[in-house]
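The values are calculated or read from the model by the stated rules, or taken from the named source; none is laboratory data. What you see is a predicted model, and the numbers here were worked out from it, not measured in a lab. Every residue, glycine as well, gets a Cβ built from its backbone with ideal geometry; the counts of neighbours run over all protein chains shown.
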């Protein structure tokens, strides 16, 4: 079973989503026409951040070449949407593929398709693609424009050119502008719900970003870096029965849910999406020692769960069920927050008992994100889960 197949987990997203009333927020949107040189320098300096964890770069060289050709000859291209996170700091809401194509063309390097998942992990580890990786032929190839010939024996004049060989066209390419719409939330400053919804509505490219992809874009932090690290833990991958991390970060969302409920269940209220957004924003303030403590708690949980039958956190059809996992996790790890580490291993029969418990089943059957149901599941897990 691979992580690219969504059937490996029970997806509760539809029942837990809600629309944010963006009309209750004070937003500002300002158009700016930045030329290619400015856009490149913004990306190079980090002023414009293209989160590599949003989504893999998916364009092939032919599609990217068509964009570059359009810019050279002056054809209009779709506008880019940026979110002003802070002064001189912007996140890309929509336009990641276009901006990366421009960046790669100026760098004269194009990522090999078979290396893009690995490049994404490298990006997540360092916040950028190191120059030695960019120049390595193992990961990148030369970015020479691949453009079709319109008529027999009529070669496209830009075909096979690169940034350094554009000649007289290089200047007009550098000065060509792209409309950038910069969105800023004026009020309230402590609630990012409107920006989250804007990410969700404006992101294009065929498939919208999933909630967790947007969350990682908006609330980048040392804690979320730790979540990515924990998500790669072999014992966690064994629990999920999914050897590779999910491309849409659904497995990372399960971890966010577990820690959010562990630390903030007393203040939980629907929707789950909003709850996880607020928690992720607050988690940006977590100190290094607290993050290390949470990593240690997670490892102790995995050690305690290591001997469980393979289907302990899965449905009869083999899908990972987050409601069982997060309830068991909270029940066992709550004392660990006060310094009492898990002693022993989880009794397999106690998970069987929990999954057969009528109150737990009723609280998991529908309206899974209701406060009463979330609370009831954790209560029943606390009462029934044992270690031995």
Q) Among 256, 291, 297, 247, which is the only one that is closer than 16 Å to residue 211 by Cβ, in the same structural domain as residue 368 (by TED's automatic domain parsing) and part of a helix (DSSP H, G or I)? A) 256
**Q.** In the stretch 351-369, residue modelled with the highest pLDDT [restricted to those that are crowded, with 17+ Cβ neighbours inside 10 Å and outside any helix (DSSP H, G or I)]
**A.** 357
Q. Just a yes or no: is a residue in the stretch 54-73 surrounded by fewer than 20 Cβ atoms within 10 Å (Cβ to Cβ) and modelled with pLDDT under 90?
A. yes
**Q.** Every residue from the stretch 228-244 that is surrounded by 20 or more Cβ atoms within 10 Å (Cβ to Cβ) and either under 10 Å from the mean Cα position of the chain (by Cα) or over 21 Å from residue 297 (Cα atoms) (or both)
**A.** 242
Q) So which of 353, 362, 370, 357 ends up being over 24 Å from residue 268 (Cβ atoms) and assigned by TED's automatic domain parsing to the domain that holds residue 296? A) 353
Q | Every residue from the stretch 105-120 that is in contact with a helix residue (DSSP H, G or I) (Cβ under 6 Å, 6 or more places away or on another chain) and surrounded by fewer than 19 Cβ atoms within 10 Å (Cβ to Cβ) | A | 108
Q. From the set of residues in the stretch 96-126 that are within 16 Å of the chain's Cα centre (by Cα) and touching a residue at least 24 places away in the same chain (Cβ under 8 Å), which is farthest from residue 61 (Cα to Cα)?
A. 124
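Under 25 Å from residue 246 (Cβ atoms), more than 30 Å from the chain's Cα centre (by Cα) and touching a residue at least 24 places away in the same chain (Cβ under 8 Å): does that describe residue 378?
Details: under 25 Å from residue 246 (Cβ atoms): yes; more than 30 Å from the chain's Cα centre (by Cα): no; touching a residue at least 24 places away in the same chain (Cβ under 8 Å): yes.
No: the conditions fail for residue 378.
Yes or no, residue by residue, for (1) in a helix (DSSP H, G or I); (2) closer than 19 Å to residue 242 by Cα; (3) under 24 Å from the mean Cα position of the chain (by Cα):
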| site | (1), (2), (3) |
| --- | --- |
| 280 | yes, no, yes |
| 286 | no, no, yes |
| 309 | no, yes, no |
| 324 | yes, yes, yes |
| 330 | yes, no, yes |
| 344 | no, no, no |
| 349 | yes, no, no |
